[in-house]
Amino acid sequence: MCSIGLYTATDQPVTAIRAAADRLSGVDLLVRSGAALDGPEAVSEFVDRLARCDVAVFWLHGSESRLPDFESVRERLVERGVPVVVARSGTATGDTDSTVEPGVQSTVRAYLDRGGVLNMENMIRYLADEFDAADWPHDEPVDLPSTGVYHPDHPGATVEDLRETFDPDRPTVGIWFYESHWTFENTRYVDSLVRALQSEGVNAFPVFTNPTGERDARWVAEHWFSDESGAVVDAVLTTFMYSLTMDERGRSASEPADSTAGFLAALDVPVVQAMVSMRSRAAYRADDAGLPAFELALSVALPELDGVVVSHPISGKERAAGTWDGAADGTAPLLHQPLEDRVGHAARLVSNWARLGRKPPSDKQVAVVLHNYPPSDDGIGTAFGLDTPASLDRLLDQLADRGYRITDRPAAGQQIVEQLVEQLTLDARWTDPEQPENGLTQIEPSTYREWFTDLDSALEAAIREEWGPPPTAPIDIPGVDLGSVVVTVQPPRGFEADPEKVYHDSALQPPHEYVAAYGWLREQFDADAVVHLGTHGSLEWLPGKTVGLDGASAPDGLLDGLPNVYPYIVNNPGEGTQATRRSYATIVDHLTPPMDTAGVHDDLADLETMVREYRDRSRDGANDADLSGLATRIREQAQAQDLGPDLGIDDLQRVETDRLVRELHAYLTDVKTSQIRMGLHTLGEPPAGERLVAYLVALTRFANPGAPSLRESVAGAMGIDAERMIEEPETYDPALDCFYADAAEAVTERSLELVEALAERDFEVTRGEIEALSEDLPVLGEKRDPEAVADLQAVLRYIAAELVPRIEAAADELTNTAAALAGQYVPPGGSGAPTRGNADLLPTGRNFYTLDPRRVPSKAAWQVGQSVADGVLDRHLNEEGAYPEEVGVVAWGTPTVRTRGETIAQILALLGVEPVWTDAGRVESVEPVPLDDLGRPRIDVTTRISGLFRDAFPSVAGLVQEAVETVASLDEPPAKNFVRKHALEAAGETAGGAGDLDLKRVFTTRPGGYGSGTNKAITTGEWTDESDLADVFVNWGGYAVDGDGEVEAAHDALEDRLERIEATVKLEDTAEQDEFDSSDWYAFHGGLKRAVADRSGSEPASYVGDASDPDRPQIYTNEEKLRQTMRTRVLNPDWIDSMEAHDYKGAGDLATTVEITLGWAATTDAVSDTLWEQVADAYAFDEDRQEWFMDENPWALEHVTETLLEAIDRDLWAADQETIDRLRDLQLSVDGELEADPEVAR
């Protein structure tokens, strides 16, 4: 009997070899894979047995390193006289290592390269024929198809044969899977998927192919999934890793897809991404993360570049059961075994998407879900930057135009919201006894129990443990029935129902009312799809696996395959990605609100006038006596506006006048030129008129790909040194006869005038007209810069020819939302902050993607992060006299996506390490910067990452922890290495080896939980003093991340770190969002500051790195930054007026702004009595605004007054009695009108 030994570096060929062995007798076959040789003893035993074989074959798939100690193994076999055949994948041949004739080696390799059972059988026969005395008939190696159809019910079928079996009245789902899985008979998961699709009433069209081969997915889409009439499939499910549409793997979110991306758009059907996991099913089920970091990158982040619907694993990789038959002895094949419940869910998901394309609009049922978080009467339709009622109105117009039955429709979206308010009033004081009957429907207890028990048993048990058994009373479902569309409200998250949960539960299961609402959408309303309108709801933040959800994950169980279309703001890709990965959403991104310069107003405008007068008169030679009266008025006004902390001046009365005027001029210039957003965006409606002009100036403030900076080119064309204008606003230039701050103002005015001139021509301008516009600019300096003039003409052409059409394409936001509901493909697009030099991210209306997490931080981010780190340390050294030994940093997921990791770069720079990049731009490790080059100590850094960061960037969190451990291991003086110093002190050592030190420095919430908890305590009122807020911060955030991205409870370790932190830092990267946009800002940075103060006993320094201009990051204290934002936006009458244009939604957003002010006051000391008075004057006491509130959203005015009174009651504002009385009178007046007539707003 011939004895053949075979080693394969990968497990993939083992299945085919085993099947071939089953067909043979008379051969003693010994087979091992690389994974089976798990130690020296296993290798030695294998080699001993190989030495008794007639021939040994090594299939190395690369280099000899794929087999431990290959050279010595080979030598032992040669010494025993065993013929050795070595084959390698790729270009290597293995000729030099083989001891057989070259023809034998090349033939064996030919069999192996082609693969499959037939080739494996003939290879074994060939080897037996060569090395056994008996004759073994065999065939030559045969080429197997690289692309083909496979169906378990139709073996050997052609494409035409298979399509003949399809029921034309049923949807057809195409399946892409790897050619190698077909070749090596690793198709059990495909079989399971086909069966699941058949049970859904769908035709399954499975195709195997090599995504990098000649007949790739594009070829299949164009030749088999399409014909001359269009697509023959209604949806596609793909199991491929990487992206199908990019030339270079790892394209980032700001880079456009290459031209090959068009094939998915041409196919124009939904594409669902399922994962064929490389781990076992048991490992998947046990892992809170769902997917390991490498699969997150390869099977989620990169496929997102194709505009897919991300789902979850449908199989795990496991050894097949049983032993080999006959004389064969081999490794059990490692097969992709189906996760049956996940296969079923993926089949439901893709089938539901497929049905959308076949069902007539008039027969469809679509649910539009409005967010209401935190729950309040004034905030239905929560969505950052979006006028939800107006957007709802436009969406309904779009659907009606497409044939949806829209009936009983109120005149405007605002009236729909008002009907919902009437049904939902959350304050029992105003609830009408008949109110439950005003809701859309009620769910009977018995019906709900059926839905509840149909949930995954683990999810059912978790909800029951959290909230008890299903309720015995009916559950009200709010909503407005419009025929084909129902508009409803996402239920409360549950913290309000049991505020005590705030203290301990970051992963709160949804209450029964929440479960019932989504059950009703699925089971009784029978929704074909759901639209979650705006950024963002709570569904995707419910507990469960972080990505690759299972049935026990709440979002998965509640949607259960329901197509989810999600209009989302373009500059929030991190949280949008949470929706794509945890609620299987198709994103349709939308524009940000338009931006404009803040200006100065009212008392600040008067102060600016006085400062200008002082500087002009002083420059003209006026003496101190002449200026004394003006100087006094300036001091008085600065004191009245409480500008001391903004200026960094402790005593405004004693400071030297020239310094005060200089600081005021710089500060007011900073405020005046700050970019702020104006109003809200309406879905599908690009800005127009003055708003468009201002937005275009904001979008071109910085250089964009393909276009220079408008600001800098205008400056140069006017003879102004742009660099000095930006860097030295307080410098007087005699050639300009003005300060550079004044020159900057002139540049802004001229920029607006230039764009207005383009707008007057409807942006249809000739080259000659653009040249004339640039030449008409006045020259303030000595002469124009010719290069700047050329740049100015280029950017004006860019605005007219490229940028305006990109903005006007915002109409796609509506058409693509409707297209998604019609079962069409939404094309992918980049994401980020357009006004940060990223205007090429437009147009919107795209299914945005993010970036490859392995590329964080990028080299560009490293430069910005270093600059911020240096700026923070320089400022702290200057003001405190020493470097901080430990710094606490807040790291979020969304800014990491937008900036490619500037915060992470800042952390690494503080630690004194730098990233090591591969040639492909991926970060593979960190290396210490030598102390001599660093020029300062290494700073200890504690990082609080968000739950989103934990989910999206586990490998990056691990990289930060790895950096900490690397620094701690360095043999350096503790005085120069604060990480090592603190670790040794904690271990009771003062020098020597670090040993087993406690080096936990990266903290987050527990898996399945999100947030810091601080804002939950504040919005629910569940706190008494600041120590309660610190406790919540610690309880929620006391989970440490290790170097592998794994999370474990470590509350004591967090307490230890908080006691040592001397400064806190958060990096802000865009002016499109600020600290008063969401409670998350104060929850994390304010919460960290409050926790440090409470645990350490002293207030830490607190900094904000403003990198909205990445070329010129600025360092502010947190108090300075908050106060500046209050003056540029929160108290800006232009901004408040811009919100009044948005009726109910604008009023609700204003009330939220006041509530966020309370949050900052509770977590920091930044909101002074003067600022509170100005908030009250602007938001509560202005009579015109009161009237507007009462007309549009009286609950918002009630919210404002309650918040202001709470600030007083909690001693956050020492208001005088007259103010208190006015607020109480106002509250009573509003309450009285609401109580007397709950429909007062209508």
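The values are calculated or read from the model by the stated rules, or taken from the named source; none is laboratory data. Values in this document were obtained by computation on a predicted structure and should not be read as measured data. Methodologically, a virtual Cβ is constructed for each residue, glycine included, from the backbone with ideal geometry; neighbour enumeration extends over all protein chains shown.
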Q. Pairs under 8 Å by beta carbon, first residue at positive phi in the stretch 110-125, partner β-branched (Val, Ile, Thr) and part of a helix (DSSP H, G or I), six or more apart or different chains?
A. GLY115/THR183; GLY116/THR183
(Q) Looking at the structure I just gave you, is LEU780 among the hydrophobic types (A, V, I, L, M, F, W, C) and at pLDDT 95 or above? (A) no
Q: Those residues that are free of Cβ contacts under 8 Å to residues at least 40 places away in the same chain and assigned to a helix (DSSP H, G or I), I need them from the stretch 758-775; list them, please.
A: GLU760, ARG767, GLY768, GLU769, ILE770, GLU771, ALA772, LEU773, GLU775
Q. Out of curiosity, is ASP401 among the charged types (D, E, K, R), within 24 Å of the chain's Cα centre (by Cα) and over 30 Å from GLU318 (Cβ atoms)?
A. no
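Within the stretch 174-221, restricting attention to residues that are polar (S, T, N, Q) and under 21 Å from LEU267 (Cβ atoms), which residue is nearest to the chain's Cα centre (by Cα)? Before you say what the answer is, go through the steps one by one.
Residues of the stretch 174-221 polar (S, T, N, Q): 180, 183, 186-187, 192, 198-199, 203, 209-210, 212.
Okay, now just the ones that are also under 21 Å from LEU267 (Cβ atoms), so 203, 209-210, 212.
On the way: ASN203: 35, THR209: 31, ASN210: 30, THR212: 28 Å.
Checked the stretch 174-221; the qualifying residue nearest to the chain's Cα centre (by Cα) is THR212.
Of everything in the stretch 598-649 that's charged (D, E, K, R) and not in a helix (DSSP H, G or I), which residue is surrounded by the fewest Cβ atoms within 10 Å (Cβ to Cβ)? Let's see the steps before the verdict.
Applying the first criterion (charged (D, E, K, R)) to the stretch 598-649 yields 602-603, 606, 608, 612-613, 615-617, 619-620, 624, 626, 633, 635-636, 642, 646.
The next check asks that each one be not in a helix (DSSP H, G or I); those that pass are 620, 642.
Values: ASP620: 7, ASP642: 16.
By that ranking, first place goes to ASP620.
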Q. For VAL826, which of the numbered conditions (1) in a loop (DSSP other than H, G, I, E, B); (2) under 27 Å from ILE587 (Cα atoms); (3) touching a Leu at 6+ places or on another chain (Cβ under 8 Å); (4) of a type outside the set (S, T, N, Q) fails to hold?
A. (3)
Q: Tell me which of these ASP1080 doesn't satisfy, since it passes every other one: (1) of a type in the set (Asp, Glu); (2) surrounded by fewer than 22 Cβ atoms within 10 Å (Cβ to Cβ); (3) farther than 23 Å from PHE978 by Cα.
A: (2)
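List the strands (runs of 3 or more DSSP E) that sit entirely inside the stretch 910-967 and contain at least 1 residues that are without any contact (Cβ under 8 Å) to a residue 40 or more places away in the chain, surrounded by fewer than 24 Cβ atoms within 10 Å (Cβ to Cβ) and of a type in the set (A, V, I, L, M).
Working: elements: 913-917, 923-928, 940-945.
Output list reads 913-917.
When you scan the stretch 360-419, how many residues do you find that are small (Gly, Ala, Ser) and outside any helix (DSSP H, G or I)? If you could, list the steps in order and put the result at the bottom.
In the first step, residues of the stretch 360-419 are kept if they are small (Gly, Ala, Ser); the result is 362, 367, 376, 379, 381, 383, 385, 390-391, 400, 403, 411-413.
Checking which are outside any helix (DSSP H, G or I) leaves us with 367, 376, 379, 381, 383, 385, 403, 411-412.
Residues flagged as small (Gly, Ala, Ser) and outside any helix (DSSP H, G or I) within the stretch 360-419 amount to 9.
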Q) Looking only at the stretch 732-757, which residues are without any contact (Cβ under 8 Å) to a residue 40 or more places away in the chain and assigned to a helix (DSSP H, G or I)? A) TYR740, ASP742, ALA743, ALA746, VAL747, GLU749, ARG750, GLU753, ALA757
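Counting only residues that are of a type outside the set (Val, Ile, Thr) and in contact (Cβ under 8 Å) with a residue 60 or more places away in the chain, which one in the stretch 1029-1039 is nearest to GLU962 (Cα to Cα)? Working first, answer last.
Just the residues of the stretch 1029-1039 that are of a type outside the set (Val, Ile, Thr), to begin with: 1029-1031, 1033, 1035-1039.
After this cut, where a residue has to be in contact (Cβ under 8 Å) with a residue 60 or more places away in the chain as well, the list is 1029-1031, 1035-1037.
On the way: LEU1029: 30, ALA1030: 28, ASP1031: 28, ASN1035: 25, TRP1036: 23, GLY1037: 20 Å.
Here the answer is GLY1037.
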Q: Check TYR126, TYR111 and return the single one that is in a helix (DSSP H, G or I), in contact with a His (Cβ under 8 Å, 6 or more places away or on another chain) and closer than 25 Å to PRO333 by Cα.
A: TYR126
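In the set PRO499, PRO511, which member is under 31 Å from the mean Cα position of the chain (by Cα), at pLDDT below 95 and buried (at least 19 other Cβ atoms within 10 Å of the Cβ)? Spell out the reasoning first.
Details: PRO499 fails: buried (at least 19 other Cβ atoms within 10 Å of the Cβ).
From the options PRO499, PRO511, the qualifying one is PRO511.
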Q: Report yes if some residue within the stretch 853-874 is touching a His at 6+ places or on another chain (Cβ under 7 Å) and assigned to a loop (DSSP other than H, G, I, E, B); otherwise report no.
A: no
Q) What number goes with the only condition from (1) surrounded by fewer than 15 Cβ atoms within 10 Å (Cβ to Cβ); (2) in a loop (DSSP other than H, G, I, E, B); (3) at pLDDT 95 or above that LEU455 does not pass? A) (1)
Q) Does at least one position in the stretch 653-664 carry a residue that is in a loop (DSSP other than H, G, I, E, B), touching a residue at least 40 places away in the same chain (Cβ under 8 Å) and either in the same structural domain as ASP762 (by TED's automatic domain parsing) or out of contact with any strand residue (DSSP E or B) (no Cβ under 9 Å at 6 or more places or on another chain) (or both)? A) no
Q: Hey, can you tell me all the residues within the stretch 146-164 that are in contact (Cβ under 8 Å) with a residue 12 or more places away in the chain and in a loop (DSSP other than H, G, I, E, B)?
A: SER146, THR147, TYR150, HIS151, PRO152, ASP153
Q: Sort out which residues of the stretch 726-776 are aliphatic (A, V, I, L, M), closer than 19 Å to ALA666 by Cβ and either at pLDDT below 95 or more than 37 Å from the chain's Cα centre (by Cα) (or both), and write them in order of number.
A: ILE726, LEU736, ALA741, ALA743, ALA744, ALA746
Q. Quick check: anything in the stretch 171-186 in a loop (DSSP other than H, G, I, E, B) and in contact with a His (Cβ under 6 Å, 6 or more places away or on another chain)?
A. yes
Q) If ALA301 satisfies every condition in (1) more than 21 Å from THR546 (Cα to Cα); (2) in contact (Cβ under 8 Å) with a residue 40 or more places away in the chain; (3) not polar (S, T, N, Q) but one, which is the exception? A) (1)
Q | Checklist (1) touching a strand residue (DSSP E or B) at 6+ places or on another chain (Cβ under 8 Å); (2) of a type in the set (Val, Ile, Thr); (3) assigned to a helix (DSSP H, G or I); (4) under 23 Å from PRO687 (Cβ atoms) applied to THR844, failing item | A | (3)
